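Rule-based calculations on the coordinates, nothing more; no lab input. On a predicted model such as this, the values are computed, not experimentally measured, just so you know.
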Amino acid sequence: MAGRWMAVMVGLLALGACAQTGTTGVGAASDRLLARSFADTPLRQGAIAIFASEPGGPTSYRLSPCGNGAACVGGPGGTMGSVTRTADWTVVRGLHGRTFWLGQGGTGFVERAGTYLPLSWAPRAEGTGEGDAPSIETPYRHG
């Protein structure tokens, strides 16, 4: 029992020492790992709804994955745009005259004519429209 406790203490001390030495790259890499583990990734599991505050009022878009590194407007039969994945962003180009910079967990920016405006996105199956998944209604009463 004392051996386990001692091993835990040594591990915690080593972790603290690493944090104090200012090692570079560890923070960003661990942040990305956590974001990928606990947040949604855009277009990974189906269509997404995007909401942006653009001049003239709020605007919404629907993008769907359509294979071969592409995204489509509205569904697989819509206009195709290219999808590029970087360490921090999923970048969708060529749709609606804009570039969508989609981050992990529902954040990002829409770029139009060199101007970046904030956006939020959510998987369509999470109540952002009619969705593409089958209904999750059950025969049991809610409440």
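Please compute the length gained on full extension between residue 115 and residue 29, using 0.36 nm multiplied by the number of residues separating them and subtracting their Cα-Cα distance.
Details: separation 86, 0.36 × 86 = 30.96 nm, distance 2.85 nm.
So the chain would gain 28.1 nm between residue 115 and residue 29.
Can you bin the stretch 48-126 into rounded, prolate or oblate? Criterion: square roots of the alpha carbon gyration tensor eigenvalues sorted a ≥ b ≥ c, rounded for a/c under 1.5, prolate for a/b above b/c, oblate for the rest. Working shown, then result.
Details: a/c = 1.33, a/b = 1.28, b/c = 1.04.
Taking the square roots of the gyration eigenvalues as a ≥ b ≥ c, the stretch 48-126 is rounded.
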